[in-house]
1. Name every residue in the range 167-198 that is surrounded by 13 or more Cβ atoms within 10 Å (Cβ to Cβ), modelled with pLDDT under 70 and either assigned to a loop (DSSP other than H, G, I, E, B) or not small (G, A, S) (or both), in order of residue number.
2. Name the single residue that is farthest from the chain's Cα centre (by Cα) among those in the range 46-62 being under 19 Å from A109 (Cα atoms) and among the basic types (K, R).
3. Can you pull out every residue in the range 117-144 that is of a type in the set (A, V, I, L, M, F, W, C) and part of a strand (DSSP E or B)?
4. Would you confirm, using the coordinates I've provided, whether S43 is within 15 Å of G107 (Cα to Cα) and at pLDDT below 90?
5. Within the range 113-135, is even one residue polar (S, T, N, Q) and more than 22 Å from V24 (Cβ to Cβ)?
6. Looking at (1) out of contact with any helix residue (DSSP H, G or I) (no Cβ under 8 Å at 6 or more places or on another chain); (2) crowded, with 16+ Cβ neighbours inside 10 Å, can you tell me which one A117 breaks?
7. Could you please find all residues in the range 19-28 being crowded, with 17+ Cβ neighbours inside 10 Å and not in a loop (DSSP other than H, G, I, E, B)?
8. What number of residues within the range 35-64 satisfy the criterion of being under 30 Å from I101 (Cα atoms) and either surrounded by fewer than 16 Cβ atoms within 10 Å (Cβ to Cβ) or touching a Cys at 6+ places or on another chain (Cβ under 7 Å) (or both)?
Amino acid sequence: MNPVAIAEPLRSRWSPSVFDPEHVLSDVEITRLLEAAQWAPSSGNRQPWRYLVAPRGSATHEALVPHLSRGNSGWVPRASVVFLSVVELGQDGVELSDLLIPTHDVGQASAHLTLQAQAMGLAAHQFGGFDHEGVAAGLGIPDTARVLAGIAVGVRGNPAEVPERDAVRDHRERHRRPLAETAYAAWGVPWPRLQPSGPTVAERR
């Protein structure tokens with residue numbers, strides 16, 4: 001199948017569920033990932049993103065793992081590091097009433113982090129399946145912030161070492177809806193100048 005004609009590391013990015021539990025990321029590598037998030041676009045340069053950094057085996061990691069959902073408890077702990085994205089609600093004494101743009105900006109920062117991981121030969125898998133309130137309480141996150149999601153980062157592991165459910169997930173085809181169902185000229189009306197695009201189904205590597 002021909003790949004979509006977009007730039008790397010966008011083209012090859014995907015979210016594996018089988019990580020190598022022995023792989024360790026250096027402090028330099030973790031810092032590089034955070035630097036990628038640091039330079040994401042930000043409305044008015046507010047930079048509302050915060051990240052809790054949880055390398056495997058750290059106290060932060062141990063506080064997170066018990067709060068993972070059943071579906072994520074098998075594969076997330078194997079990753080080299082987990083980043084927990086947090087949106088800052090109040091800044092410089094100002095309480096935000098509208099979280100729409102700040103949350104959008106945190107999403108952009110997380111996208112930058114995942115793409116930097118791909119460029120470094122790593123894999124990243126974002127997830128939301130955990131007890132957000134439990135994590136916030138366990139890690140001392142104040143009421144002026146909200147935990148949004150986790151980003152597991154590492155290198156791919158051996159599928160034979162994980163439950164079949166996780167191994168099978170890594171070999172499923174990736175699907176995306178056609179662009180005509182995403183890009184509109186008016187709501188529900190496809191943008192008429194769309195050109196023939198790449199495949200909407202891709203095999204995972």
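The values are calculated or read from the model by the stated rules, or taken from the named source; none is laboratory data. Please read all numbers here as calculations on a predicted model, not as lab measurements. When we count neighbours, we look across all protein chains shown, and the Cβ atoms used for this are built from the backbone with ideal geometry, even at glycine.
1. Scanning the range 167-198 gives a single hit, G198.
2. R46
3. Once the filter is applied, which keeps residues that are of a type in the set (A, V, I, L, M, F, W, C) and part of a strand (DSSP E or B), the range 117-144 yields A123, A124, F127, F130.
4. yes
5. Looking through the range 113-135, none of the residues is polar (S, T, N, Q) and more than 22 Å from V24 (Cβ to Cβ).
6. Tallying (1) out of contact with any helix residue (DSSP H, G or I) (no Cβ under 8 Å at 6 or more places or on another chain); (2) crowded, with 16+ Cβ neighbours inside 10 Å, A117 fails exactly one: (1).
7. F19, the sole residue that qualifies.
8. Residues flagged as under 30 Å from I101 (Cα atoms) and either surrounded by fewer than 16 Cβ atoms within 10 Å (Cβ to Cβ) or touching a Cys at 6+ places or on another chain (Cβ under 7 Å) (or both) within the range 35-64 amount to 8.
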